[in-house]
Amino acid sequence: MSEELLQRDLLGNPEKLGKWNFYNIGATSLRALKEYKIIPDIDYRKFEKRKPDGLIACNKKVIAVISNKLPKRLKTKKQIDAEVKDWIEVTKKLKSSLLIITDTQKTIWINALMGEAIRDENNNDLMQVFNPKDIETVKLIEKILDSIDAKNSQLIALKLKDPSPLAKQIWQDIWSVSGATPENCLYTFVELFIFKYLSDLNVLTGFYNFYELLKKYETNNEEEVLEFYADVIRKEIKNKFKESPRDKTTIINGTIFVSKDEKAVKGYSAVFKKVLEKFNNEGKLENIHHEFKSKIFESFLKESISKKNWGQFFTPLKVVRAIAQMTDIHEGMSICDPACGVGKFLLEPILKDLHRFYKIDKNRNLIRKINLIGFDKGFDKDEQKTIILAKANMLIYLSDLIKENPDITDQFSDLFNDTFLLKTNSILGSLSEPITNEYDLILTNPPYVTSGSSNIKEEIRKSGLESHYVINALGVEGLFMEWIIRALKPGGKAFVVIPDGILNRSNDKNLRKFILDECFLDAIISLPVKTFFTTIKKTYILAITKKIDKSIIQKEAVFTYLVSDIGETLDVYRFDTGANHLEDAAILFRQFIATKKHFKTDDKRCKTFDFDKFYQNIERGWVFDRWWTEEEKRALGLLEENKSLSINDFAILLGDIANEILTYQEELKELQKEKKKIGHDLTLYDLKEVPIEQIFDLTIKTNHSKFTKEYIDKHKGTIPVYSASKDPRLVDYGCVTDNLTGIKYFEDCLTWNIDGSIGKAHYRKGRFSLSEKVIPLIVFPQHEKQLDLNYLKYEIENEFSKYSFNFGNKAGKGKIKNIKIKIPINKKGEFDLKAQKEITKKYQIIEQVKQELENKLNDLLKINIDI
């Protein structure tokens, strides 16, 4: 028994040195270390009683042996040689290549395989002192392990592989012979990359190995080698990484060289050999540049002919990393992406802490200290394979762990299958499961596909999910926002990339109110147009925290930031630009979250706005870019942004707008269905035509022409004075004080324009006054509880539009009093308030659609085309 291991709890909680366990011991023998499964279970013979001062180990594999000495014992070469001789055989017996002898002031680094000192790149003895608390020590040991062997004791500058150029070459090779879509070329490249990668990690050995397959060309023809890959190797990969029983996906599914029925495709054997040779020329793929782990997918995206199908899945890596930097992730969290694509939002934030979140215990069990969940529906109804790419991506991200533990692929397979799930049983995809209060953190870029959303809403009704999606937001992104908020735990956070429509569409005011009712609004970050590969749609990053108590009203300010440069050119090439406003925004956001009340910055792109500004602008929208002055925007160079577009970009913009118009068309079709339903009900209750003078008290007079500029300047106050404007919000006269002599005031009633915008009725809330060009329409007291003023507004405008009112034929009280409007009544002959409200909702949606189309047209007219 080893009291040292037990007393210091080194079995359950050893010290950490990077990804390894560090045992700073001295009183524990190799026999005890073997019994407690810290070192390999072999016969150490004469060394059984030896007690090393320290060990660096991982999963019974000894990384390094450490001998601690007093400074006086390492003064001369003779003393050092004696110490090396004393421990080198023990080190080799432990199957380690690294011996570290140190006195805390100097350190001798020994290659145990050659029995000599390790040298740096310049052929000098390593001088770095061993310090287990220093991250540089971890980096040095990793470099030593990658460099030394039985023939070399000198450090080799580590060359990280970036197979991106290889990906482009292979895309060309595969496409030239198959004409396959870039999507399918990507799957095939990923499959062969995984094959080579697993071979280099020693997960695939023997005749399953990449290099063994290449040797088969010496004795077999090309067709036979491809058949062997399809019949034997591919099945072994799927055996080691079994498919998910839930969605039948695994880490590979290329269909160029191997058909869907698992057979080698005839005619492609020559190019298969050519591709394998190119992979072979790259050398080993163990040390892959971290950028490649995400860039592999973007490489094919840039070549994609069918880019339009991909935009919703491939968020630029720079955006993902900025959001990852804004998050605070810790053990025990449950993190979800309901539209995960290839999984970057889940994998990037934990990249630097993989060995903290995923560990292998002494019993060879993969311990998960974090729960990642990614759902996806796929981007094409016939080729829904993004989850396969996500699993392959996770394998690449976890490559260090897999390399250290090639014998537990079944557990890694379970991890991949538990993390990513393809949801194709319903057109709703992730929306088909009404999850509530489940996740600590949601990171996502949901699809912005608005066309076809009526089919999704119809499926929601058929599936009995209407109670989970009550907001009736426009487009699929609105449904996802509702799903996200409901799926968050109280206190949970979400970072969501959203299109500008959620922030500015009048149709989505209920969604904005739902966000504020359920969540604290932490931040909105404006991204430049063309941030995404496939669209010039304006997008934002929305950061929210779900309330623990819905009754709490937000008091803290909201962080906002205007991003012009995301760190790369906003074209298909995506060259690095050097500048990165996104990174600046992420850093400032972390500072803001840490000290909201005292947050200050000199960054002109950053502003915090009082929460009240967002609450008061629920109807008008939260496109905060408009809250900067022209001078401020000009100073930031934002007024020049997107002043002109290329013909291609203009065509893409038209496509985006056309897509939104189709959505409006679908919304109106939905209204038609509802209209028929309501119309059927109304035939039971009937409609009654009622003259205006029987509804409104037309004896109430408006003001005379007293509101001059001089008068209003003299009596400035807070009561708005409205004139005959088309815009109900426009206070073009100004505001006056209350209770002025000779001035009539009104409250919560309809008004009718007899001049200016003749024929417009407005429902005005609160206290106000009117110019002589506007008539107050005040309902008789006996009808107040029976009539909906918004319904009356729309009916009045519809009916009055049939008359030729104009500047020469003004619509005064005498001319409108006998005009009749239709009002639904129930079986008792009473005004039906419920029916009025139902019809009013339809009117409002139509008005909103018309307003959105007008805004789109105005935006188009402002654009210059650069030919």
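Taking the criterion of being farther than 19 Å from Thr608 by Cα, over 17 Å from the mean Cα position of the chain (by Cα), surrounded by fewer than 18 Cβ atoms within 10 Å (Cβ to Cβ) and in contact (Cβ under 8 Å) with a residue 40 or more places away in the chain, would at least one residue in the range 510-524 satisfy it? Yes, the conditions are met somewhere in the range 510-524. Filtering the range 589-640 to residues that are aliphatic (A, V, I, L, M), at pLDDT below 90 and closer than 15 Å to Val563 by Cβ leaves Leu636, Leu638.
Those helices (runs of 4 or more DSSP H) of the range 383-426 in which 2 or more residues are farther than 30 Å from Leu145 by Cα and more than 18 Å from the chain's Cα centre (by Cα) occupy 409-419.
Kindly evaluate Ser723 against the criterion of being in contact with an Asp or Glu (Cβ under 6 Å, 6 or more places away or on another chain), under 27 Å from Asn617 (Cα atoms) and among the hydroxyl-bearing types (Ser, Thr, Tyr). Yes; evaluated as a whole, the condition is true for this residue. Counted as qualifying within the range 1-113 are the strands (runs of 3 or more DSSP E) with 3 or more residues that are of a type in the set (Phe, Trp, Tyr) and out of contact with any Ser or Thr (no Cβ under 8 Å at 6 or more places or on another chain), namely 20-24.
With respect to (1) touching a residue at least 12 places away in the same chain (Cβ under 8 Å); (2) open to solvent by less than 60 Å² (accessible area, probe 1.4 Å); (3) within 28 Å of Pro406 (Cβ to Cβ), the lone exception for Asp41 is condition (2). Remark: Ile541 matches the filter, which requires a residue to be closer than 18 Å to Glu568 by Cβ, crowded, with 18+ Cβ neighbours inside 10 Å and modelled with pLDDT of 90 or more.
Residues in the range 62-79 that are in contact with a Lys or Arg (Cβ under 9 Å, 6 or more places away or on another chain) and buried (at least 16 other Cβ atoms within 10 Å of the Cβ) were compared, and the one that is nearest to Glu15 (Cα to Cα) is Val62. Which ones in the range 726-775 are in contact with a Leu (Cβ under 6 Å, 6 or more places away or on another chain) and either of a type in the set (Lys, Arg) or touching a residue at least 40 places away in the same chain (Cβ under 8 Å) (or both)? Across the range 726-775, the qualifying residues are Leu750, Trp752. Answer with yes or no whether Leu99 is within 29 Å of Asn405 (Cα to Cα), open to solvent by 50 Å² or more (accessible area, probe 1.4 Å) and either in contact with a Cys (Cβ under 8 Å, 6 or more places away or on another chain) or at pLDDT 90 or above (or both). It is false that Leu99 is within 29 Å of Asn405 (Cα to Cα), open to solvent by 50 Å² or more (accessible area, probe 1.4 Å) and either in contact with a Cys (Cβ under 8 Å, 6 or more places away or on another chain) or at pLDDT 90 or above (or both).
So that you can scan it fast, the table gives a plain yes or no per residue for (1) without any contact (Cβ under 8 Å) to a residue 40 or more places away in the chain; (2) closer than 27 Å to Gly254 by Cβ; (3) polar (S, T, N, Q):
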site: Asn405; (1), (2), (3): no, yes, yes
site: Ser413; (1), (2), (3): no, yes, yes
site: Leu421; (1), (2), (3): no, yes, no
site: Leu474; (1), (2), (3): no, no, no
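Is at least one residue of the range 856-863 touching a Ser or Thr at 6+ places or on another chain (Cβ under 9 Å), among the aliphatic types (A, V, I, L, M) and within 30 Å of Asp656 (Cα to Cα)? Yes, some residue in the range 856-863 is touching a Ser or Thr at 6+ places or on another chain (Cβ under 9 Å), among the aliphatic types (A, V, I, L, M) and within 30 Å of Asp656 (Cα to Cα). Picking from residues in the range 69-85 that are closer than 20 Å to Asn111 by Cβ and β-branched (Val, Ile, Thr), the one that is nearest to the chain's Cα centre (by Cα) is Val84.
Of all the listed residues (Phe559, Phe589), the sole one being crowded, with 18+ Cβ neighbours inside 10 Å, closer than 27 Å to Asp508 by Cα and out of contact with any Ser or Thr (no Cβ under 8 Å at 6 or more places or on another chain) is Phe589.
The values are calculated or read from the model by the stated rules, or taken from the named source; none is laboratory data. All values reported here derive from a predicted model rather than from experimental measurement. Quick reminder, even Gly has a Cβ in these numbers, built from the backbone with ideal geometry, and neighbours come from all protein chains shown. All accessible areas refer to the heavy atoms of the entire protein, side chains included, with ligands and DNA or RNA removed. Shrake-Rupley method; radii C 1.70, N 1.55, O 1.52, S 1.80 Å.
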